[in-house]
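Presented below is the structure to which this report refers.
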């Protein structure tokens, strides 16, 4: 069983819970003791490390997608990472939602402002985009107002 399970890690990392589910599905007739022993070996050899997995995903999402802390938590939960580990890693990383929303909105605004639609529609589009990325209503409105002021000053 261990050699089959190790092959799964050649492509990517998995959370402990996800590996438990995969083992249960792939080896339904194996004993519980054998399954637990396999999990313990994988943990001991550092193949399973939920904290490392969470750190890697957070780094990827912040660098490539600029999503909110709320969205990061949701995505990590879908990866079957326990909440206490998610909280611990987010606390350690000191993720700044203000920086993320600013970077995200400025990047999106570049493409939106080129559209040939009224400014109100552009603002609505940006607001919907930010809300879709998991940012809150208040912080999205605040960022929209900052960008609107900045855009107004640029057009003077």
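What follows is calculated from the coordinates using simple rules that are stated; it is not laboratory data. Computed from a predicted model, the values in this text were never measured in an experiment. Positions of Cβ are backbone-derived with ideal geometry, glycine not excepted, and every protein chain shown enters the neighbour counts.
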Problem set entry | Longest to shortest principal axis, alpha-carbon extents of the chain, angstrom | 72, 30, 23
For this session: Provide the FRET efficiency to the nearest 0.05 for the residue 142-residue 64 pair, computing r from the beta carbons and using R0 = 30 Å.
Result: 0.80
Exercise. How high is the FRET efficiency from residue 131 to residue 31, r the C-beta distance, R0 41 Å, rounded to 0.05?
Worked result: 0.25
Seminar exercise, completed: Note on the range 87-143: C-alpha Rg/Rh, Kirkwood Rh, two decimals, gives 1.08
Seminar exercise, completed: Here the relative contact order (percent) of the chain, from C-alpha pairs under 8 Å and at least 6 apart, is 22 percent
Problem set entry | Exposure proxy ranking, count of Cβ atoms within 10 Å, fewest first, for 143, 36 | 36, 143
Exercise. Could the peptides 16-27, 124-135 be put in order, highest first, of the mean number of other beta-carbon atoms found within 10 Å of their residues?
Worked result: 124-135, 16-27
